[in-house]
Amino acid sequence: MGLTNKQIATIFLNIADLLEIQGENKFKFLAYRRAGEVIMDLSRDLRAYADDGTLEDIPGVGKAIAEKTRELLETGRLAFYERLIEQVPETLVEVMRINGVGPKKAKLFWEQLQIVDVESLEQAARAGKLRDLTGMGVKSEQKILEGIAALSRQGGRMPIGKARPAAERMLALLMSLPQAQRGAIAGSIRRGKITIGDVDLLIASDEPEPLMNAFVRAPEVERVLGQGPTKSSVELAIGLQMDLRVVPLAQWGTALQYFTGSKDHNVKLRQIALDKGYSLNEFAFSPVDAQGNLLPDAPKVTCATEEEVYAFLGLPYIPPELREDAGEIEAAKQNVLPRLVVLDDLRGDLHMHTTWSDGTRSIRQMAEEAHQRGRQYIVITDHSPYVAVANGLAVERLWQQREEIRQVAAEMGDKIRVLHGAEVDIRADGTLDYPDEVLSQLDFVVASLHVSLSQSRDQIMHRLLNAMRNPHVDLIGHPSGRYVPDREPIDADWDEVLRVARQTGVALEINANPRRLDLDAQYARRAAQMGILLAIDSDAHDPHMMDLLDYGIVNARRGWVEARHVINTWPYEQFWAWVQARGQQGL
């Protein structure tokens, strides 16, 4: 078997990192990085594109990268890559995955201390050898060790944004078979965890054999780990383990509840069942005696739906996203579970980019696409100029963009409201990337951290709080700055962040990009409890990214968030009144 999409994507991503260490032109290494990221997420095999001559139709794959892709597909090797790793050790790529270690530091460690991998870096840090290097110190050395520990904790888990689409494709394949009666993705994906260890699929059927055969022979399967009459396990080409279980339709409810988890949630449910005289497993409620021993002749209770499982236990239905033993069972007993936000609640999208900065579509195209997805209003929030690679807007271009937005808004009429905003960088020194006289003329302002994310807590907090206290800032974008699994969250005092958010009335974003899902669910829950407003946004750079909003909804649901907590569930008039009350000037 030739190289997989994942293997080829990894080579291009490695090339990008190694070129950056070398100090290569940024547009060159960014091109390889973009190609690697796109190829990593492709659902179609690269060989199929090569065979029909459409490699260059893949976004980010130009002529040069297409030629290198063909070389990899045909030979399994890439001469350019082999020459590159003769110049720069390939293992430095893993060093760059450590939070706080960019290309400059990786190059510094390599050239000054001959550090070429994570193990040698950890040894040097523990021996105190990093602190005397240029730009380093004791605190920097300690942060390196913390970053290494964080990297090891990530283990082999995969971001949900990569695992869930693979699970959905496999489920769709299985549900296309006539033997499949019901199907679902269970486990941590259904609960909306940020990273996924493996995937659990559940199918209801009276004829499991054809389903098992189709599963192990699916195009994305790299190898079969085990195959049985009702359970099989495979490893996909992207490196993800996937398990399939087939159960009778009558047991669907108990099986889906059991395999959704979490373990701690299920332990508590089993105790409630025991208190009622039953043992609960994935098959049924089985009667037990006072000592907990099964009564073999007593009739068992099967449940065709999850609602029946919870009802038998005397509880209302508990949504999957809440099943983490975080107070949901106690809330269910008291009948005070939240009415969780759903995708249909969203009326607006307050964070998106166009070709004016680093997006791929025009203002009008983004407005049309948002309208087709049911949005009633959007805010165009292209980047400010601080981060050069994002092609941010200098003030003169910002006002030119405003004219186009006015024109598009007039043309769209009542179909969808189009507002003029900006995603404004919170600079390394704590100032905002546009002056107040500019911010005051925008309809909506998102302030975000993009650079210098490894600063000390005091520096980070100075920057965040300065932005939150600016009366022209309406929303803090992706507040923790994390990028799963490559970048850890900023070091912030979240108690203070939430306190100041409540004090100032600024909203906090739940960024729906599955590599971010930021604000994290635990802080979203606390924010909602404190009366802090939230926004669930796509941060779309092209139309398909608007479809990622569901990830943000799931993350919000994990945080017990209701529609009333989310400003872009409000009707336009209510939303606009809130913005104006914060001192903004409208069109």
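The values are calculated or read from the model by the stated rules, or taken from the named source; none is laboratory data. A quick note: this is a predicted structure, and the numbers were derived from the prediction, not measured. Neighbour counts are summed over all protein chains in view; Cβ atoms, including those assigned to glycine, are modelled from backbone coordinates with ideal geometry.
The helices (runs of 4 or more DSSP H) located wholly in the stretch 510-587 that include 1 or more residues which are under 24 Å from Asp325 (Cα atoms) and in the same structural domain as His472 (by TED's automatic domain parsing) occupy 521-529, 549-558.
Residues that are under 19 Å from Gly23 (Cα atoms), without any contact (Cβ under 8 Å) to a residue 24 or more places away in the chain and in a loop (DSSP other than H, G, I, E, B) were ranked within the stretch 103-144; the one that is farthest from the chain's Cα centre (by Cα) is Gln114. When the stretch 314-365 is limited to residues that are acidic (Asp, Glu) and part of a helix (DSSP H, G or I), the one that is nearest to Ile476 (Cα to Cα) turns out to be Asp345.
Take Leu173 and decide whether it is more than 23 Å from Arg323 (Cα to Cα) and of a type in the set (A, V, I, L, M, F, W, C). When the stated conditions are applied, Leu173 passes them. Residues that are among the basic types (Lys, Arg) and at pLDDT below 85 within the stretch 35-51 comprise just one, Arg44. Of Glu328, Glu282, Glu307, Glu321, all but one fail to be surrounded by fewer than 19 Cβ atoms within 10 Å (Cβ to Cβ) and either within 25 Å of Ile553 (Cα to Cα) or not acidic (Asp, Glu) (or both); the exception is Glu307. Looking at the stretch 477-488 only, could you name the residues that are more than 13 Å from Asp539 (Cβ to Cβ) and not in a loop (DSSP other than H, G, I, E, B)? Within the stretch 477-488, Arg487 is the sole residue that qualifies.
Checking the stretch 360-370 against the condition returns a match, with at least one residue being surrounded by fewer than 17 Cβ atoms within 10 Å (Cβ to Cβ), under 21 Å from the mean Cα position of the chain (by Cα) and touching a residue at least 40 places away in the same chain (Cβ under 8 Å). What are the pairs with Cβ atoms under 8 angstrom where one residue, in the stretch 469-487, is assigned by TED's automatic domain parsing to the domain that holds Tyr523 and surrounded by 19 or more Cβ atoms within 10 Å (Cβ to Cβ) and the other, located anywhere, is of a type in the set (Lys, Arg) and not in a loop (DSSP other than H, G, I, E, B)? Sequence gap at least six, or different chains. Between residues of the stretch 469-487 that are assigned by TED's automatic domain parsing to the domain that holds Tyr523 and surrounded by 19 or more Cβ atoms within 10 Å (Cβ to Cβ) and residues that are of a type in the set (Lys, Arg) and not in a loop (DSSP other than H, G, I, E, B), the close pairs are Gly481/Arg487. Against the criterion of being out of contact with any Leu (no Cβ under 6 Å at 6 or more places or on another chain), surrounded by 19 or more Cβ atoms within 10 Å (Cβ to Cβ), modelled with pLDDT of 95 or more and not aliphatic (A, V, I, L, M), Gly253 qualifies. The single residue among Glu94, Glu24, Glu37 that is crowded, with 16+ Cβ neighbours inside 10 Å, outside any helix (DSSP H, G or I) and of a type outside the set (Val, Ile, Thr) turns out to be Glu24.
Could we say that Leu294 is in contact (Cβ under 8 Å) with a residue 12 or more places away in the chain and more than 30 Å from Glu562 (Cβ to Cβ) here? Here the answer is yes, as Leu294 does meet what is asked. Exactly one residue among Ala163, Ala184, Ala172 is closer than 27 Å to Met545 by Cα and loosely packed, with under 14 Cβ neighbours inside 10 Å, and that residue is Ala172.
Scoring Gly477 on the criteria (1) within 26 Å of the chain's Cα centre (by Cα); (2) closer than 19 Å to Gln400 by Cα leaves a single failure, condition (2). Applying the condition of being free of Cβ contacts under 8 Å to residues at least 40 places away in the same chain and touching a strand residue (DSSP E or B) at 6+ places or on another chain (Cβ under 8 Å) to the stretch 507-522 and asking which residue is surrounded by the fewest Cβ atoms within 10 Å (Cβ to Cβ) yields Leu508.
Part of a loop (DSSP other than H, G, I, E, B) and of a type outside the set (A, V, I, L, M), is that true of Glu56? Considered against the rule, which asks whether it is part of a loop (DSSP other than H, G, I, E, B) and of a type outside the set (A, V, I, L, M), Glu56 comes out as no. Screening Ala422, Ala410 for residues that are without any contact (Cβ under 8 Å) to a residue 40 or more places away in the chain, among the hydrophobic types (A, V, I, L, M, F, W, C) and within 25 Å of His371 (Cβ to Cβ) leaves exactly one candidate, Ala410. Tell me, please, whether a residue that is in the same structural domain as Arg169 (by TED's automatic domain parsing), modelled with pLDDT under 95 and surrounded by fewer than 18 Cβ atoms within 10 Å (Cβ to Cβ) can be found in the stretch 240-250. Yes, some residue in the stretch 240-250 is in the same structural domain as Arg169 (by TED's automatic domain parsing), modelled with pLDDT under 95 and surrounded by fewer than 18 Cβ atoms within 10 Å (Cβ to Cβ).
If the Cβ limit is 6 Å and pairs must be 6+ apart or interchain, which residue in the stretch 433-462 that is assigned by TED's automatic domain parsing to the domain that holds Gly147 and farther than 30 Å from Glu141 by Cα pairs with which residue that is of a type in the set (Val, Ile, Thr) and modelled with pLDDT of 95 or more? Sorted first by the residue in the stretch 433-462, then by its partner, the list stays empty. When restricted to residues that are among the aliphatic types (A, V, I, L, M) and either touching a residue at least 60 places away in the same chain (Cβ under 8 Å) or not assigned by TED's automatic domain parsing to the domain that holds Asp117 (or both), the stretch 14-39 contains 5. Somewhere in the stretch 168-179, is a residue within 23 Å of Asp491 (Cα to Cα) and in a helix (DSSP H, G or I)? No, the stretch 168-179 contains no residue that is within 23 Å of Asp491 (Cα to Cα) and in a helix (DSSP H, G or I). Of the candidates Asp344, Asp325, the single residue that is within 33 Å of the chain's Cα centre (by Cα), modelled with pLDDT under 95 and of a type outside the set (A, V, I, L, M, F, W, C) is Asp325.
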